1. State yes or no: is CYS173 within 28 Å of the chain's Cα centre (by Cα), in a helix (DSSP H, G or I), in contact (Cβ under 8 Å) with a residue 24 or more places away in the chain and surrounded by 14 or more Cβ atoms within 10 Å (Cβ to Cβ)?
2. Please go through the range 191-247 and pick out each residue that is of a type outside the set (Asp, Glu), open to solvent by 30 Å² or more (accessible area, probe 1.4 Å), in contact with a Lys or Arg (Cβ under 6 Å, 6 or more places away or on another chain) and assigned to a strand (DSSP E or B).
3. State yes or no: is ARG146 under 36 Å from the mean Cα position of the chain (by Cα), within 29 Å of PRO222 (Cα to Cα) and not polar (S, T, N, Q)?
4. If the Cβ limit is 9 Å and pairs must be 6+ apart or interchain, which residue in the range 37-59 that is among the β-branched types (Val, Ile, Thr) pairs with which residue that is open to solvent by less than 60 Å² (accessible area, probe 1.4 Å)?
5. When you scan the range 92-103, do you find a residue that is under 22 Å from VAL217 (Cα atoms), outside any strand (DSSP E or B) and in contact (Cβ under 8 Å) with a residue 24 or more places away in the chain, even just one?
6. Quick check on my filter: what residues within the range 104-157 are closer than 26 Å to ALA203 by Cβ, of a type in the set (A, V, I, L, M, F, W, C) and outside any helix (DSSP H, G or I)?
7. Residue by residue through the range 21-55, note down the ones that are under 18 Å from GLU90 (Cα atoms), open to solvent by 50 Å² or more (accessible area, probe 1.4 Å) and charged (D, E, K, R).
8. Please go through (1) under 27 Å from PHE226 (Cβ atoms); (2) modelled with pLDDT under 80 for GLU55 and return the number of the only condition it doesn't satisfy.
Amino acid sequence: MLLSSAACGENGKSEEYPLTIQDGPPPALLDAFKAEGLSDEEATARFDRVMRLSEAYRARQRDPDRRQRDDPDGREFQARAALARLWLSEVFEPNNGPEALPAEAYARDLQRLSMDRTTKVCQVILMPKDLEGEAMTERAQSPDFRDLVREPANDLTALMRTFVTDDQRKKPCDIFKRVASAYAGQNSANLPAGVRMKIEATALEACNEDLFVKPWVDAVCPVETFSTLDPVWTAYGAHVITVLEVIPASTRSEQDLDLLARERATPTWRIERLAKEIGRLGQRFDVGVSRDLSPP
């Protein structure tokens, strides 16, 4: 009520709004909040929320195209919108925060954060075409296949060293992919017969020989900075690899990693939860989603 009265002059006519978030709540309002048992921090937080809602409403009223109707239907709409915001801030968000996430909702984020030393790479693999399993391995390791793809592998290495830089603003992995695709040509027409190209971009534990073949680990694991390597030969074919970044293993405790993973996963999970909750409420009440509401 104090906020409302401050916004109105005589006979209820609007005047210049005397309160701002920057100035903070006036003493009289603080005294009223304290009488409710709120701390200074809680009082300021409530004042900020009300001021943001008030400013959003006044901004809409100043715009003829967005002005809200001052009739029973318009007032009912505003009341319902206010209740919706109150439900979001006081009920939904507190009950659907990071601590409420089920394990499966943040398992992927936790796995990424818990990885050991991680290497981000872009790579091209020149592989035997139309072969799988042992037949592919045997062909990839044969001397004639290596002779066949040696020149393309060297060409690609030279191109990557020319065009792919460590300037993150230029998205080096996107450039890497475009260079590889341009070299291969439409439908891989520029590659030797019997050769196909596979392009990958990933972050992985490059020093883990349980996950990757030894020649690849021996080549990538020692690299500490941005670099395009000489072609690497494995049972899959010829690899042209650009190391983008090396991320040291996390030194956070398990508890801190768990908390961080929950915080990262919460926004996406909360959106899914909100959609389900609105659907559930819609079965019992007249509930809808409006794109015409100003944010608080």
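1. Values: within 28 Å of the chain's Cα centre (by Cα): yes; in a helix (DSSP H, G or I): yes; in contact (Cβ under 8 Å) with a residue 24 or more places away in the chain: yes; surrounded by 14 or more Cβ atoms within 10 Å (Cβ to Cβ): yes.
In short, yes.
2. Answer for the range 191-247, where residues must be of a type outside the set (Asp, Glu), open to solvent by 30 Å² or more (accessible area, probe 1.4 Å), in contact with a Lys or Arg (Cβ under 6 Å, 6 or more places away or on another chain) and assigned to a strand (DSSP E or B): ARG196, ILE199, ALA203, LEU244.
3. Numbers: under 36 Å from the mean Cα position of the chain (by Cα): no; within 29 Å of PRO222 (Cα to Cα): yes; not polar (S, T, N, Q): yes.
When the stated conditions are applied, ARG146 does not pass them.
4. Pairs found: THR44/GLY24; THR44/PRO25; THR44/LEU30; THR44/PHE33; VAL50/LEU3.
5. At the first step, the residues of the range 92-103 found to be under 22 Å from VAL217 (Cα atoms) are none.
No, there is no match, as no residue in the range 92-103 is under 22 Å from VAL217 (Cα atoms), outside any strand (DSSP E or B) and in contact (Cβ under 8 Å) with a residue 24 or more places away in the chain.
6. MET115, VAL121, CYS122, VAL124, ILE125, LEU126, MET127 - these are the residues of the range 104-157 that are closer than 26 Å to ALA203 by Cβ, of a type in the set (A, V, I, L, M, F, W, C) and outside any helix (DSSP H, G or I).
7. GLU36, GLU41, GLU42, ARG46, ARG49, ARG52
8. Answer for GLU55: the failing condition is (1).
The values are calculated or read from the model by the stated rules, or taken from the named source; none is laboratory data. Note that the coordinates shown come from a computational prediction; the quantities given were computed from them, not determined experimentally. Every residue, glycine among them, receives a Cβ derived from its backbone with ideal geometry; neighbour counts consider all protein chains shown. To get the accessible areas, we keep the full protein, side chains included, count just its heavy atoms, and leave off ligands, DNA and RNA. Shrake-Rupley method; radii C 1.70, N 1.55, O 1.52, S 1.80 Å.
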